[in-house]
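In what follows, a single structure is set out as structure tokens and then discussed.
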Amino acid sequence: NPDLPDLVVVGSGFFGLTIAERCAADLGLKVLVLERRYHLGGNAYSEFDPETGIEVHKYGTHLFHTSNERVWEYVNRFTEFTSYQHRVFGRYQGQVYSLPMNLALINSFFGKSHTPDEARALIAEQASEIDTKDAKNLEEKAISLIGRPLYEAFIKGYTAKQWQTDPTELSADIITRLPVRYNFDNRYFNDTYEGLPVDGYTAWLSRMAEHPNIEVRVDTDFFDVADDYKGKVPIVYTGPVDEYFDNREGRLSWRTVDLVQETLDVDDYQGTGVVNANDADVPFTRELEFKHLHPERAASYKPGRTVVVREYSRFAEEGDEPYYPINTAEDRAKLLKYRDLAEKEPMVLFGGRLGTYKYLDMHMAIASALSMYDNKLKPHFADGAELKSGGVDA
Ligand code: FAD
Ligand code: UDP
């Protein structure tokens, strides 16, 4: 059928667009990208607020960072990056502290100056009440690493809000380590490269889809048109894996976030991009003020106005946006069954955050797509190798 594309990609997030771009630009394939939302780009999508001129990330703040040389080289083909470095603060009982936990936080929290060695000794002493190897839940593990006072101020309330579960009932594996820095370094990420796309995420994502061999069809749910393509052309599917199989092994559990946006009549609401709400009795987990992600755009903003978003975390119900895999033991058992089904599904590759039920940062989604291209799609299309399904190469 001459109307059929060479490849169908379901979902236009970073995973799907990387696959489409490589197959079109490197192999000259005709690629059809199906997207059920009204816009391309997946969760990294952003819009410029028409009234204030501020770029608002529609699905929560997206900070780009990577130490992967290949990913950095690849993304720089589509956008330049600003020199933005992410820093996060946390509000607790009427004071604001510098996160992640570092000497500035320790000094202000305990109300006196500590040398790095003094701070190390203090935290070791406070953490000595529980041995890490005996910790039976998240609370005990955290106390064994950072001590009770810091745990109760900065972890307990925030974690309970984010997971809607008492930390004594959460698995100790959720935190492998809690970093405490015994210096004043308060950069949030440790990666080699960090920055934000100079003219915004949507410009970047759109450039990835610019090749004339790529067609992105928005407002189109794959399941409404699946019969036109299934079994006829190779498909890369980046939607939820359980949904592909009609939830036949049960639904995987996710957390979602309600993002409540407000435009305020102040020029500067909180002085920085992200402030966590560490008090248990504040209902939201954090406040985002987007203008601070792009200080270099200050002259283009409408004075006296700012856009603020508050995040409320909760379990995703049917119809909600799935954001973070909860990954209980039950979920992992279901996932194994879905992986078996995926492996047997002819001509379909599953990838991305939803397709693999893995929390992937943007650079990880791109790296994973590049590796699917190298290991599966290019060998198939360029050398006629059999298209082997089954998960994603990590
Ligand atoms: P997505 O971006 O989710 O794209 C999947 C697309 O598939 C969606 O557009 C969806 O509509 C579409 N789709 C699903 N089913 C169908 C169907 N049946 N038919 C058609 N289309 C379908 N990463 C960072 O690196 N830094 C950050 O600061 C950061 N912050 C984040 C904050 C939040 C709240 C979330 C949720 C994620 C964050 N991420 C961040 C992760 C980043 O969003 C992901 O890495 C990226 O979205 C992964 O891309 P993806 O293509 O796998 O999935
Ligand atoms: N966390 C916390 N207090 C904070 C920030 C994070 O207790 O101020 C814990 C919490 O359990 C959270 C986890 O650390 O689920 C990861 O937080 P992070 O902000 O890194 O994740 P994000 O929600 O941005 O993916």
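Rule-based calculations on the coordinates, nothing more; no lab input. None of these values were measured; they are calculated from a predicted model. All Cβ positions, even for glycine, are placed from backbone atoms using ideal geometry, and neighbour counts span all protein chains on display.
Quick look at the values:
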| item | result |
| --- | --- |
| Taking the convex hull of Cα positions in segment 1-138, its mean projected area over all directions (nm²) | 16.2 nm² |
| Selected from Pro322, His294, Tyr269, residue furthest toward positive end of dipole (segment 260-335; charges at beta carbon) | His294 |
| Binned Cα-Cα distance frequencies in segment 313-391 - 5 Å width, integer % | 3, 14, 19, 22, 20, 13, 6, 4, 1, 0 |
| Relative exposure of Ile174, Ile214, judged by other C-beta atoms within 10 Å (fewest first) | Ile174, Ile214 |
| Pairwise label distance in nanometres, Glu129 with Phe315, each label 7 Å out on the Cα-Cβ vector | 3.0 nm |
| Proxy reagent accessibility, fewest Cβ within 10 Å first, across Val75, Val88, Val198 | Val198, Val88, Val75 |
| Cα-based Rg / Dmax (Å) for segment 101-174 | 12.9, 37 |
| Binned Cα-Cα distance frequencies in segment 193-277 - 5 Å width, integer % | 2, 7, 10, 14, 15, 15, 13, 12, 7, 3, 2, 0 |
| Hydrodynamic radius by Kirkwood, which averages 1/r over all alpha carbon pairs of segment 60-124, in angstrom | 15.1 Å |
| Mean projected area in nm² (Cα convex hull; one quarter of hull surface) for the chain | 21.1 nm² |
| Linear extension gain, Tyr59 paired with His114, 0.36 nm per residue minus alpha-carbon span | 15.9 nm |
| Farthest positive-ward along the chain dipole, Cα basis, beta-carbon charges - from Ile174, Phe223, Ile146 | Ile146 |
| Lys, Arg +1 and Asp, Glu -1 on Cβ, resulting dipole of segment 101-174 about Cα centre, debye, nearest 20 | 240 debye |
| Segment 333-394 - percent relative contact order, Cα under 8 Å, separation 6 or more | 47 percent |
| Computed Kirkwood radius, in angstrom, where 1/r is averaged over Cα pairs of segment 112-246 | 20.2 Å |
| DSSP-defined antiparallel bridges as percent of all bridges, the chain, nearest 5 | 60 percent |
| Neighbour-limited loop hits for trypsin sites (Lys or Arg not before Pro), segment 157-219 (at most 13 other Cβ within 10 Å; DSSP other than H, G, I, E, B) | Arg177 |
| Per-residue Cβ neighbour rank within 10 angstrom, fewest leading, Met347, Met101 | Met347, Met101 |
| Selection from Pro240, Gly250, Tyr188, by position along the positive dipole direction of the chain (Cβ) | Tyr188 |
